[in-house]
1. Checking residue 30 against (1) out of contact with any Ser or Thr (no Cβ under 9 Å at 6 or more places or on another chain); (2) in a loop (DSSP other than H, G, I, E, B); (3) aliphatic (A, V, I, L, M), only one condition comes out false. Which one?
2. Suppose the filter is modelled with pLDDT of 95 or more, part of a loop (DSSP other than H, G, I, E, B) and either at negative phi or not β-branched (Val, Ile, Thr) (or both); does residue 123 pass it?
3. Out of the residues in region 280-314 that are assigned to a helix (DSSP H, G or I), open to solvent by 20 Å² or more (accessible area, probe 1.4 Å) and touching a residue at least 12 places away in the same chain (Cβ under 8 Å), which is farthest from residue 92 (Cα to Cα)?
4. Looking at 272, 221 in this structure, which one is aliphatic (A, V, I, L, M), open to solvent by less than 20 Å² (accessible area, probe 1.4 Å), touching a Ser or Thr at 6+ places or on another chain (Cβ under 8 Å) and within 21 Å of residue 97 (Cβ to Cβ)?
5. Might you check whether a residue that is surrounded by 18 or more Cβ atoms within 10 Å (Cβ to Cβ) and at pLDDT 95 or above occurs anywhere in region 104-113?
6. Would you check which residues across region 31-63 are of a type outside the set (A, V, I, L, M, F, W, C) and in contact (Cβ under 8 Å) with a residue 40 or more places away in the chain and list them?
7. Residue 259 fails exactly one of the following numbered conditions: (1) surrounded by fewer than 16 Cβ atoms within 10 Å (Cβ to Cβ); (2) of a type outside the set (Val, Ile, Thr); (3) touching a helix residue (DSSP H, G or I) at 6+ places or on another chain (Cβ under 9 Å). What is the number of that condition?
8. Which residue is nearest to residue 56 (Cα to Cα), if the candidates are limited to region 1-36 and must be open to solvent by less than 40 Å² (accessible area, probe 1.4 Å) and hydroxyl-bearing (Ser, Thr, Tyr)?
Amino acid sequence: MADNSIKIFTGNSHPELAKLVANRIGIDLAKAAVMKYSNQETSVTIGESVRDEDVFIIQSGCGEINDNLMELLIMINACKTASARRITAVIPCFPYARQDKKDKSRAPITAKLTANMLTVAGANHVITMDLHASQIQGFFNVPVDNLYCEPSMIKYISTKIPNWKNALIVSPDAGGAKRATSIADRLNLDFALIHKERKRANEVSRMVLVGDVRGKIAILVDDMADTCGTLGLAAKTLVENGAEKVYAIVAHGILSGKAIKVINESVIEKLVVTNTIPHEDKMAICPKLDVIDISPTLAEAIRRTHNGESVSYLFSHVPE
């Protein structure tokens, strides 16, 4: 057992999730004031001693992404200069995760830059969920625990989707095939794939279904839903190919731009997202939205990290 205590801090990106995690562990959130000066500079005041403590800072990459990232960096640095023994950045949705490779000339690899900034600020360890590309772990020179929403998704499918044994797991693009086949194998279900052709970013031109969905419930699985153009078109393609109902389960529901309108007008029965990103405001205007709480997984990862235990149990189980 560790001889120091856990201190959980949060910025302004997702305080609700931080509260859930702290309650689950059985402690109060540590005091910190994170605000903006009138000239828009970020000001951070750590309100209690962190000397020689095990500090966890929960901050997700959502909403005002750059402001939230800057808050996180300043909080890490403030704890470092206040002599914290170890600082863990808990980033449920990693910012800039999609800018992870040079896919065209002169493209920046911003995920690597973000990793460098976190390390330089003073993070000794990073906990994140469902990275867009797991190679991002290699951008860091400090340990990274990439947790998965998969066990929580499997639990949701088997408890909340009626007649799920007549379902089929569908990946809306080739990139997500591995994630979808993994879920299909664990639920002992069939698998289908949609091949999409993009003309430009955030716009999908046409879709081709590989697999048979006639008379089945189709469950689309993806790691993130941003403008939801892909999900809307994929659902339409599935219904045209004879699917009875279409559900969509996504790890990070970014839901920017016209996403809510697209979902409300689509043939999707339910869009299930996790609370790595706050959705309170969107649930009021989108009755199809349902949220899986992943705070138990994060809380258990924090507890195990603090006590020096393995977190690999969480890759395949939901904490009770």
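The values are calculated or read from the model by the stated rules, or taken from the named source; none is laboratory data. Note that the structure is predicted; figures quoted are calculated from it, not measured. With ideal geometry, Cβ positions are generated from the backbone for all residues, glycine too; neighbour counts draw on all protein chains shown. With ligands, DNA and RNA removed, areas are computed over all heavy atoms of the protein, side chains included. Shrake-Rupley method; radii C 1.70, N 1.55, O 1.52, S 1.80 Å.
1. All conditions pass for residue 30, except number (1).
2. Details: modelled with pLDDT of 95 or more: yes; part of a loop (DSSP other than H, G, I, E, B): yes; either at negative phi or not β-branched (Val, Ile, Thr) (or both): yes.
When the stated conditions are applied, residue 123 passes them.
3. 285
4. Unique residue meeting the criteria: 221.
5. Taking every residue of region 104-113 in turn, at least one turns out to be surrounded by 18 or more Cβ atoms within 10 Å (Cβ to Cβ) and at pLDDT 95 or above.
6. 48, 52, 53, 54, 59, 60, 61, 63
7. (1)
8. 10
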